[in-house]
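One structure is given here, and the rest of the page talks about it.
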Amino acid sequence: MAKRAEISGLIRFKGANLADQLQHIDAVLLILGYKGDPSQIVPLRRQTNRFRKGELYRLILKCEAEGSKANKETAQRIVAMKGWGPSLVERIRQCVNTAKVRRRRKAKAVGHDSRPQE
């Protein structure tokens, strides 16, 4: 079902020519006992990436170096730097929070693994 949603999303939102693959997936779903119409499975729409790889965390570090303390303030600065509308501040604040949590977890995992074994 997930693969069908992904492919139908690519067809609908990106114009991909994958209709023949979609027919095969529908047939497999029916063979495996899927109850219902496979065409009713909601197409998956991927979210667009607003930042290139590593760009968000570099912007976070830049904002913090300029004196930004709270995630909301950091998000406001990033939105201003990118020239986006203020309606995106809350979404970017969530991205900032997630990026910081991931960075902390990664640093903790690396620090934990590098301790000498007894």
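The values are calculated or read from the model by the stated rules, or taken from the named source; none is laboratory data. The shown structure was predicted, so the numbers you read here are calculated from the model rather than taken from an experiment. Quick reminder, even Gly has a Cβ in these numbers, built from the backbone with ideal geometry, and neighbours come from all protein chains shown. With ligands, DNA and RNA removed, areas are computed over all heavy atoms of the protein, side chains included. Shrake-Rupley method; radii C 1.70, N 1.55, O 1.52, S 1.80 Å.
A few points about this structure:
- In the structure shown, the pairs Lys3/Lys108; Lys3/Lys72; Lys3/Lys62; Lys62/Lys108; Lys82/Lys108 are assessed against 29 Å; a Cα-Cα span above that value is assigned to Lys3/Lys108; Lys3/Lys72; Lys3/Lys62; Lys82/Lys108.
- The chain: DSSP helices with Cα axial extent of at least 20 Å and average Kyte-Doolittle hydropathy no lower than 0.0: none
- Using a probe of 1.4 Å on the protein chains alone, the accessible area found for Arg91 is around 140 Å².
- Size of electric dipole in region 6-89: Cβ of Lys, Arg +1 and of Asp, Glu -1, about Cα centre, debye, nearest 20: 440 debye
- Distance between region 64-94 and region 22-47 - C-alpha centres, whole angstrom: 40 Å
- A straight chain from Arg104 to Glu64 at 0.36 nm per residue would run longer than the Cα-Cα distance by 12.8 nm.
- Surface accessible to a 1.4 Å probe, per residue, for the residues of the chain, Å²: 78 Å²
- Structural descriptor for region 1-103: relative contact order 23 percent, calculated from alpha carbon pairs under 8 angstrom and at least 6 residues apart.
- Residue among Asn17, Asn97, Asn71 with the largest mean-square fluctuation in a Gaussian network model of the chain, springs linking Cα atoms under 10 Å: Asn17
- About its Cα centre, region 52-104 has a charge dipole of approximately 280 debye under the convention of +1 per Lys or Arg Cβ and -1 per Asp or Glu Cβ, with nothing else charged.
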